[in-house]
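Have a look at the structure below before the remarks.
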Amino acid sequence: MKALAKLHAQPGIWMTDAEKPDYGYNDLRIRIKKTAICGTDVHIYKWDEWSQKTIPVPMVIGHEYVGVVEAMGDGVRGFSIGDRVSGEGHITCGHCRNCRAGRRHLCRNTVGVGVNRPGAFAEYLVIPADNAFKLPDDISDELAAIFDPFGNAVHTALAFDLVGEDVLITGAGPIGIMAAAVARHVGARHVVITDVNSYRLDLAKTMAATRTVDVSKENLKDVMAELGMKEGFDVGLEMSGVPSAFRQMLDTINHGGKIAMLGIPPQDVAIDWNKVIFKGLVIKGIYGREMFETWYKMAALLQSGLDLSPILTHEMPVDDFQKGFDIMSSGQSGKVILNWE
Ligand code: NAD
Ligand code: ZN
């Protein structure tokens, strides 16, 4: 079968001919329809320090996808051949304390699809049926293909109550923009999103952010005054992984504020802990998506009218993958979809 793989320990990604994967007793084999390129795939493409430590070569990558169940093991219940599915990219162990308590997103033995085991940039993908999510018919293939990053946005945005609150989102990457749309949809008051990339801030604006702020040109505190915010943000969603953005959040959040942190800083970050202590802040780390609460909420948010379609800025046949990776690396895009059919 056709597959996009990291074949060599150097920058790049290669189309290759891989063995069609076998499935086990509890597995689904999914025929891939569409995939999306994640920031993680770009890291692997560029072969940064994290990838060099993490990715065994060769490895079929990719973990954002939609497809159709083509075959399944005898132990699978609740799925039929032909079901349209996406899937949770974190394969959990099932026997640690958190897994046994139903908190699979906190599994200490998580294995990543397209990171530690063969991924979805292929004509066929095998995953445990427990990791698949059957999609309602009224959700498009394109949106279904981005349920993984949409799930990061939903998991982070719904970590704290946003109804009537003023929310600061640092980082208008695809996930930050989707989180802004979710925050507005569930009833936040001001949703202010920061970045240094005007393409992405413009996209955030079309997707319901109250105010976009280019922090290289504007002062966030001036914007707060303009919006009549006297005290500070109630909730912060950190979605850049950039230390200065996190510090700005600590500066502008109100006393008693709550921060959900999704962005992954490249190295240790020093902050003024006095702000955390004297403001009485609550800071929560967010990893992945809750299995499967976040997934049900994603479907319901779309079915209740959340419009994510503007985030789908590019779509192309998988043979144009190089163009897809170039666009994604340029920062001049929302989500980039690769078509496998
Ligand atoms: P992304 O890299 O596309 O977005 C980050 C954005 O931050 C970019 O648009 C960048 O221009 C912007 N930025 C740079 N400097 C900034 C500044 N000073 N202030 C505000 N914004 C600034 O990433 P993404 O795919 O949208 O993901 C968002 C973050 O979440 C990344 O750090 C990613 O690594 C992380 N992530 C975490 C998880 C998890 O499970 N915790 C899962 C997926 C992604
Ligand atoms: Zn576990």
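Yes or no: region 278-299 includes at least one residue that is polar (S, T, N, Q), surrounded by fewer than 19 Cβ atoms within 10 Å (Cβ to Cβ) and closer than 25 Å to Arg184 by Cα. Please lay out each step first, then the result.
Residues of region 278-299 that are polar (S, T, N, Q), as a first pass: 294.
From what is left, the residues that are surrounded by fewer than 19 Cβ atoms within 10 Å (Cβ to Cβ) are none.
No: region 278-299 contains no residue that is polar (S, T, N, Q), surrounded by fewer than 19 Cβ atoms within 10 Å (Cβ to Cβ) and closer than 25 Å to Arg184 by Cα.
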Practice problem: Could you tell me whether region 60-79 includes any residue that is away from ligand 1 (no atom under 16 Å from the Cβ), in a helix (DSSP H, G or I) and surrounded by fewer than 16 Cβ atoms within 10 Å (Cβ to Cβ)? | Solution: no
Practice problem: Filter region 265-287 for residues that are assigned to a loop (DSSP other than H, G, I, E, B), hydrophobic (A, V, I, L, M, F, W, C) and closer than 11 Å to Asn254 by Cα and give the result. | Solution: Leu281
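Is there a residue in region 212-234 that is within 19 Å of the chain's Cα centre (by Cα) and either away from ligand 2 (no atom under 16 Å from the Cβ) or among the basic types (Lys, Arg) (or both)?
The first filter runs over region 212-234 and keeps only residues within 19 Å of the chain's Cα centre (by Cα), leaving none.
No: region 212-234 contains no residue that is within 19 Å of the chain's Cα centre (by Cα) and either away from ligand 2 (no atom under 16 Å from the Cβ) or among the basic types (Lys, Arg) (or both).
Out of Ala245, Ala260, I need the residue that is touching a residue at least 12 places away in the same chain (Cβ under 8 Å), under 16 Å from the mean Cα position of the chain (by Cα), under 19 Å from Leu168 (Cβ atoms) and crowded, with 18+ Cβ neighbours inside 10 Å. Which one? It would help to see each step written out before you state the result.
Values: Ala245 fails: under 16 Å from the mean Cα position of the chain (by Cα).
Only one candidate passes the filter, namely Ala260.
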Exercise. Can you tell me which residue among Glu165, Glu88 is among the charged types (D, E, K, R) and assigned by TED's automatic domain parsing to the domain that holds Thr54?
Key: Glu88
Quiz item: Taking into account only those residues within region 80-93 that are in contact with a helix residue (DSSP H, G or I) (Cβ under 8 Å, 6 or more places away or on another chain), assigned to a loop (DSSP other than H, G, I, E, B) and not hydroxyl-bearing (Ser, Thr, Tyr), which is surrounded by the fewest Cβ atoms within 10 Å (Cβ to Cβ)?
Solution: Cys93
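Restricting to region 81-102, name every residue that is among the small types (Gly, Ala, Ser) and out of contact with any strand residue (DSSP E or B) (no Cβ under 7 Å at 6 or more places or on another chain).
First pass over region 81-102, keeping only residues among the small types (Gly, Ala, Ser): 82, 86-87, 89, 94, 101-102.
Across region 81-102, the qualifying residues are Gly94, Ala101, Gly102.
Within region 74-102, which residues are more than 9 Å from ligand 2 (Cβ to nearest atom) and closer than 20 Å to Met298 by Cβ? Can you show your working first?
Filtering region 74-102 for residues more than 9 Å from ligand 2 (Cβ to nearest atom) gives 74-91, 101-102.
Once the filter is applied, which keeps residues that are more than 9 Å from ligand 2 (Cβ to nearest atom) and closer than 20 Å to Met298 by Cβ, region 74-102 yields Gly78, Phe79, Asp83, Arg84, Val85, Ser86, Gly87, Glu88, Gly89, His90, Ile91, Gly102.
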Quiz item: Would it be correct to say that Asp214 is more than 13 Å from ligand 1 (Cβ to nearest atom) and not hydrophobic (A, V, I, L, M, F, W, C)?
Solution: no
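Yes/no per residue for (1) more than 20 Å from the chain's Cα centre (by Cα); (2) modelled with pLDDT of 95 or more; (3) farther than 28 Å from Pro317 by Cα:
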position: Ala129; (1), (2), (3): yes, yes, no
position: Lys134; (1), (2), (3): no, yes, no
position: Phe147; (1), (2), (3): no, yes, no
position: Ala159; (1), (2), (3): no, yes, yes
Exercise. Output the residues belonging to region 217-240 that are more than 17 Å from Ala180 (Cβ to Cβ), assigned to a loop (DSSP other than H, G, I, E, B) and either among the basic types (Lys, Arg) or within 11 Å of ligand 1 (Cβ to nearest atom) (or both).
Key: Lys217, Lys230
Quiz item: Within region 113-126, is there a residue that is within 16 Å of ligand 2 (Cβ to nearest atom), under 19 Å from the mean Cα position of the chain (by Cα) and among the aliphatic types (A, V, I, L, M)?
Solution: yes
Quiz item: Quick check, is Ala188 within 16 Å of ligand 1 (Cβ to nearest atom), farther than 30 Å from Arg31 by Cβ, touching a residue at least 12 places away in the same chain (Cβ under 8 Å) and touching a strand residue (DSSP E or B) at 6+ places or on another chain (Cβ under 7 Å)?
Solution: no
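Does region 22-33 include one or more residues that are free of Cβ contacts under 8 Å to residues at least 12 places away in the same chain, within 27 Å of Gly173 (Cβ to Cβ) and part of a strand (DSSP E or B)? Walk me through it before giving the result.
Taking region 22-33 first, the residues free of Cβ contacts under 8 Å to residues at least 12 places away in the same chain are none.
Checked region 22-33: no residue is free of Cβ contacts under 8 Å to residues at least 12 places away in the same chain, within 27 Å of Gly173 (Cβ to Cβ) and part of a strand (DSSP E or B).
The values are calculated or read from the model by the stated rules, or taken from the named source; none is laboratory data. The structure presented is a predicted model; accordingly, all values stated were derived computationally and were not measured. Note that each Cβ is placed from the backbone with ideal geometry, even for glycine, and that neighbours are counted across all protein chains shown.
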